[in-house]
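Enquirer: Quick one: this structure, given as structure tokens, is what I'll be asking you about.
The values are calculated or read from the model by the stated rules, or taken from the named source; none is laboratory data. In this text, all values refer to a predicted model and were calculated from it rather than measured experimentally. Neighbour counts run over all protein chains shown; Cβ positions are idealised from the backbone, glycine included. Side chains included, ligands, DNA and RNA excluded: accessible areas come from the protein's heavy atoms. Shrake-Rupley method; radii C 1.70, N 1.55, O 1.52, S 1.80 Å.
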Amino acid sequence: MSELIPLYSIKVICSNCEQEFETSRVRPSLKKAIRRDADFCSYYKNENPDYYVVRVCPACGFASTENSADKLTDRQRKAFAEQVGSRWRPRDFGGPRSWETALETYKLALICAQSINDKERIIASILHHIAWLHRYRGESEQEQRFLRYALDEYVKVFEREGVAGSDARLMYLIGELNRRVGQFHEAVKWFSRVVNDQKIMDAAMIRASREQWSLLREQMQGLNLDPDNLTSEG
């Protein structure tokens, strides 16, 4: 029996120039992660689906994800053309991607998102994915750098959207990224908010917050820091 080819192509309409182009995706049947980190970074035996999140228009260079807007406004088109599009040399990212190519597409998506003033949530996700790419390579300095950038954007998302204050996954993630960059007091603050907020009904995120708070105590003891200086109710 012939081996299943991991990639397949889909057609996408560019949000900027409205031309149709093809981009690759990993088959859903092959997307099973072999393990996952506490901040949702996944590891795969074969082709990594995260390498194919960004779609890059070969004609104009606009890079986006499936969560981006379907169509840019005139103001966004102008900003993109001035800051990114004017320097674009036609290239096709439609086929298989190496780690280096994946990183290139994410960095392109980042400057595109920043040029059009895209939603903080999209920018945060792109930055977080770049941190994961560096984690795959064990490049901890770059990973930490992009985790901090992502963390700043996630906090902005919470401040903008968090009136309801019950996005448990986002709050947990802010806690976990704080833990990963060594901001332990902030980490505890966010984990305990998830655990103690009566409006939060997400049992998985409440459990994860408890687990990471417990891990944080061990982490502090390993660094000869006093975990009892940190307080968490619940």
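Enquirer: How many residues are open to solvent by 90 Å² or more (accessible area, probe 1.4 Å) and in contact with a Phe, Trp or Tyr (Cβ under 6 Å, 6 or more places away or on another chain) if we restrict to the range 187-230? First the steps, then the outcome.
Expert: Within the range 187-230, the first condition is being open to solvent by 90 Å² or more (accessible area, probe 1.4 Å), and the residues that meet it are 189, 193, 198-199, 201, 207, 210-211, 218, 221, 223-224, 228-229.
Subsequent filtering for residues that are in contact with a Phe, Trp or Tyr (Cβ under 6 Å, 6 or more places away or on another chain) retains none.
Of the residues in the range 187-230, 0 are open to solvent by 90 Å² or more (accessible area, probe 1.4 Å) and in contact with a Phe, Trp or Tyr (Cβ under 6 Å, 6 or more places away or on another chain).
Enquirer: If I ask for residues that are open to solvent by 50 Å² or more (accessible area, probe 1.4 Å) and in a helix (DSSP H, G or I), which ones from the range 87-103 would you list?
Expert: R87, E100
Enquirer: Additional query: Go through the range 16-30 and give me each residue that's open to solvent by less than 80 Å² (accessible area, probe 1.4 Å), in contact (Cβ under 8 Å) with a residue 24 or more places away in the chain and in a loop (DSSP other than H, G, I, E, B).
Expert: If the condition is that a residue be open to solvent by less than 80 Å² (accessible area, probe 1.4 Å), in contact (Cβ under 8 Å) with a residue 24 or more places away in the chain and in a loop (DSSP other than H, G, I, E, B), then N16, C17 are the ones that fit.
Enquirer: Go through the residues of the range 74-81 one by one and say whether even a single one is basic (K, R), surrounded by 17 or more Cβ atoms within 10 Å (Cβ to Cβ), touching a residue at least 60 places away in the same chain (Cβ under 8 Å) and closer than 14 Å to T23 by Cα. Steps first, answer last, please.
Expert: Taking the range 74-81 first, the residues basic (K, R) are 75, 77-78.
The next check asks that each one be surrounded by 17 or more Cβ atoms within 10 Å (Cβ to Cβ); those that pass are 77.
Then drop every residue that is not touching a residue at least 60 places away in the same chain (Cβ under 8 Å), which leaves 77.
Then keep just the ones that are closer than 14 Å to T23 by Cα; that gives none.
No: the range 74-81 contains no residue that is basic (K, R), surrounded by 17 or more Cβ atoms within 10 Å (Cβ to Cβ), touching a residue at least 60 places away in the same chain (Cβ under 8 Å) and closer than 14 Å to T23 by Cα.
Enquirer: Which is open to solvent by less than 20 Å² (accessible area, probe 1.4 Å), among the hydroxyl-bearing types (S, T, Y) and touching a Cys at 6+ places or on another chain (Cβ under 9 Å), of S64, S115?
Expert: S64
Enquirer: On the basis of being aliphatic (A, V, I, L, M) and within 25 Å of A150 (Cα to Cα), does I34 make the cut? Can you show your working first?
Expert: Values: aliphatic (A, V, I, L, M): yes; within 25 Å of A150 (Cα to Cα): yes.
Yes.
Enquirer: Now for a different question. With closer than 19 Å to Q144 by Cα, at pLDDT 90 or above and not in a helix (DSSP H, G or I) as the only criterion, which of G175, G182 stands out?
Expert: On inspection, the qualifying residue turns out to be G182.
Enquirer: Also, quick follow-up: Would you be able to say whether some residue in the range 31-48 is assigned to a helix (DSSP H, G or I), touching a residue at least 24 places away in the same chain (Cβ under 8 Å) and open to solvent by 40 Å² or more (accessible area, probe 1.4 Å)? Walk me through it before giving the result.
Expert: First, the residues of the range 31-48 that are assigned to a helix (DSSP H, G or I): none.
No, because not a single residue in the range 31-48 is assigned to a helix (DSSP H, G or I), touching a residue at least 24 places away in the same chain (Cβ under 8 Å) and open to solvent by 40 Å² or more (accessible area, probe 1.4 Å).
Enquirer: What pairs come up if the first residue lies in the range 204-228 and is in a helix (DSSP H, G or I), the second is open to solvent by 70 Å² or more (accessible area, probe 1.4 Å) and of a type in the set (S, T, N, Q), and their beta carbons are under 9 Å apart, counting only those six or more places apart or on different chains?
Expert: Here the result reads M220/N229; P227/Q221, each pair linking the range 204-228 to a residue that is open to solvent by 70 Å² or more (accessible area, probe 1.4 Å) and of a type in the set (S, T, N, Q).
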